[in-house]
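For reference, the structure is listed below as structure tokens.
The values are calculated or read from the model by the stated rules, or taken from the named source; none is laboratory data. Bear in mind the structure is a predicted one, so any value in this text is a computation, not a measurement. Heads up, the Cβs are rebuilt from the backbone with ideal geometry, glycines too, and the neighbour counts pull from every protein chain shown. Heads up: the accessible areas ignore ligands, DNA and RNA and are worked out on the full protein's heavy atoms, side chains in. Shrake-Rupley method; radii C 1.70, N 1.55, O 1.52, S 1.80 Å.
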Amino acid sequence: MPASLTQRSLQAVWHPCTQMHRATHVPPLGMVRGAGPWLFDEAGRRYFDTSSSWWVNLFGHADADINAALKDQLDLLPHVMLAGCTHAPAVELAERLSRLTGDVLGHCFFGSDGASAVEIALKMSFHYWRNTGRPDKQEFVCLRQSYHGETLGALAVTDVAVFRDAYDPLLMRAHLVISPDARQAVAGESTADVARRAVAALRALFETRAERIAAFILEPLVQAATGMAMYDAIYLREVRALCDEFQVLLIADEIAVGCGRTGTFFAFEQAVQPGAAPIWPDLLCLSKGISGGYLPLSVVLSRPALYAAFLDDDVARGFLHSHSYTGNALACRAALAVLDRFDRADVLQANRQRAAQLTEALAPLREDTRLEHVRQIGMIWAFDVREPFVGARFAERFHLAGRARELLIRPIGRTVYLMPPYVLDAALSAWLARQLRATLDDVLQANHPGADRPSEPAVA
Ligand SMILES: Cc1ncc(COP(=O)(O)O)c(C=O)c1O
């Protein structure tokens, strides 16, 4: 019998975010086909992609519109370097993204994966201050529980021990400030109170150190990779004001939360008070969903004043960063098909209905005493399993139990979450909620509450 994809992969592929020693216990599924929210493995079994394949796949797999756009682009121009050349998909994408910010942000700088966008934003911030006569502003601030990617610059502003500890000696030092994570609310405290406490901590840092700080980077509204920590939008509003007051650039990493995931196209849009003028960060990073889960693409949008600070006869004052596949034409074309869908189908409005249906189907979780912090924003749902019920290797066991119930699901530590593609209807939502609760029962019934067993580190 020929070896399966799984067996061959274990021999040939070094899988990401995986302790390969455990990979024989949790063998990679050999996927051969995708259709809508479903993935099909080589044995013909189907799995519902509950995390949109690491939050990239917005409209399901093998979407007809994105497929058609890519096939068209494939025959026209698959790729051309973006230094010294340009092409219609990159130009149109940059124009349309800028328009979505009311032209406050623009001059899209393209990267490939999310981490490359974060590197770009960090380097741009530092270089901006250097170009404007403030070379001492070299430091960065990030939140506790932040995740911005795994290249060395991005890892330096990431607060996840399991990812960064091994590389710590290689990383630049960043300031960590407390997260506005709403789960930290003590009795009588609102989510806004928690956010204000976090703002006060940031102010205290800025008061002593802003002279040296180039930028503050955050994930607006949801710290996704560290367990879907959600927080009050007041934090964004107040942080924007603080950054203005202390002349610190604000980088919004919307790699996970952009593209409608939190209910607005950009999560940062929710920072504004009803009736007030919109507010924006200085740099905004997008990736993941922007190309619909088809091709690696990232984008950094910036303010005109920031862009202008790089214009000079001196080449070295320019932003000379590049990646070979920067602004790949196929990836940009996929992104245009994604934006077309948002325009044509009023995705944000449809998602409000989808979200209401799934939230209702998941309502019994709120009564489940084994769980805490059952939460939702836009198209993200999450809950934490209470410590006494977690047990050893919870995420791994949950993932395996999910497979048996046709779910492709990967908890982060003891946080179980859903970030499905925007294709749910009432029937699918009911099915998904049923399977999720059944998986939870399968896993938790196998545990003895109070058993003193270590849980594994949180890995997305
Ligand atoms: C908020 C955030 N920033 C950056 C990244 C890194 O993106 P990539 O994995 O594409 O490098 C991620 C990935 O999960 C993320 O969630």
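Please enumerate, by chain and number, the lysines with C-alpha under 18 Å from the C-alpha of residue 123, excluding those fewer than 8 residues away in the same chain.
Hits, sequence-local ones excluded: 137.
For the stretch 219-270, with equal point scatterers placed on the C-alpha atoms only and solvent neglected, what are the log10 I(q)/I(0) values from the Debye formula at q = 0.29 1/Å, to two decimals?
Listed by q, the Debye log ratios stand at -1.15.
Among the DSSP beta bridges whose two residues both lie in the stretch 67-345, what percent are antiparallel, rounded to the nearest 5?
Antiparallel bridges make up about 40 percent of those DSSP assigns within the stretch 67-345.
Given points 7 Å out from each Cα along the Cα-Cβ axis, report the residue 196 to residue 43 separation in nanometres with one decimal.
That separation, rounded to one decimal, is 5.6 nm.
Exposed loop sites here are trypsin sites (Lys or Arg not before Pro) in DSSP loop states with at most 14 other C-beta atoms within 10 Å. What is the longest stretch of the chain lacking them?
The reported range is 174-460.
Taking the solvent-accessible surface of protein heavy atoms with a 1.4 Å probe, what is the per residue accessible area of the chain in Å²?
Values: 20060 Å² over 460 residues.
Dividing the accessible area of the chain by its residue count gives 44 Å².
If you wrap a convex hull around the C-alpha atoms of the stretch 120-238 and split its volume per residue, what is the figure in Å³? Please report the intermediate quantities before stating the final value.
On the way: hull volume 12.9 nm³, N = 119.
With only Cα atoms used, the stretch 120-238 gives 108 Å³ per residue.
Tell me, what % of the accessible area of the chain is carbon and sulfur with a 1.4 angstrom probe? List each step's numbers first, then the result.
Details: 10940 of 20060 Å².
Exposed carbon and sulfur together represent 55 percent of the surface.
Nothing charged except the Cβ atoms of Lys and Arg (+1) and of Asp and Glu (-1): what's the magnitude of the dipole of the chain about its Cα centre? Round to the nearest 20 debye.
That gives the chain a dipole magnitude of about 740 debye.
Between residue 321 and residue 152, what FRET efficiency comes out of the Förster formula 1/(1 + (r/R0)^6) with R0 = 22 Å and r the beta carbon distance, rounded to 0.05?
E between residue 152 and residue 321, to the nearest 0.05, is 0.90.
Apply the a/c threshold of 1.5 to the C-alpha gyration tensor of the stretch 220-351 and tell me whether it is rounded, prolate or oblate.
Note, shape of the stretch 220-351 comes out oblate.
What is the percent of Cα-Cα separations in the stretch 373-429 that go past 15 Å?
55 percent
What are the GluC sites (Glu not before Pro) within the stretch 12-97 that DSSP puts in a loop, where the Cβ has at most 14 other Cβ atoms within 10 Å?
Passing both the DSSP loop test and the Cβ count: 42.
Normalised by the empirical 2.2 N^0.38 Å for globular proteins, what value does the Cα Rg of the stretch 291-342 take?
1.47
Measuring from label point to label point, each 7 Å out along Cα→Cβ, what is the residue 107 to residue 187 span in nm?
Taking the simple label geometry, residue 107 and residue 187 are separated by 5.4 nm.
What does the net charge come to around residue 221 if you take all other residues with beta carbon closer than 12 Å to its beta carbon, with K and R at +1 and D and E at -1?
-3
Quote to one decimal, in nm, the extra length available between residue 305 and residue 372 on full extension: 0.36 nm per residue of separation minus the C-alpha distance between them.
Details: separation 67, 0.36 × 67 = 24.12 nm, distance 4.49 nm.
Contour length minus the Cα-Cα distance gives 19.6 nm.
Let a ≥ b ≥ c be the square roots of the eigenvalues of the Cα gyration tensor of the stretch 135-202; is it rounded (a/c under 1.5), or, if not, prolate (a/b larger than b/c) or oblate?
Since a/c reaches 1.5 but b/c is at least a/b, the shape of the stretch 135-202 is classed as oblate.
Provide the descending list of Cα extents for the stretch 67-345 along its principal axes, expressed in whole angstroms.
Answer, in whole Å and largest first: 60, 46, 43 Å.
At residue 62 and residue 344, where each label point lies 7 Å from the Cα along Cα→Cβ, what is the point-to-point distance in nanometres?
Once both label points are built, they end up 1.9 nm from each other.
Shape verdict for the stretch 182-274, please, from the Cα gyration tensor: rounded (a/c under 1.5), prolate (a/b greater than b/c) or oblate. Walk me through the intermediate numbers first.
Numbers: a/c = 1.75, a/b = 1.20, b/c = 1.45.
Note, shape of the stretch 182-274 comes out oblate.
What does the extension gain come out to for residue 136 and residue 8, with contour length at 0.36 nm per residue minus their alpha carbon separation?
40.9 nm
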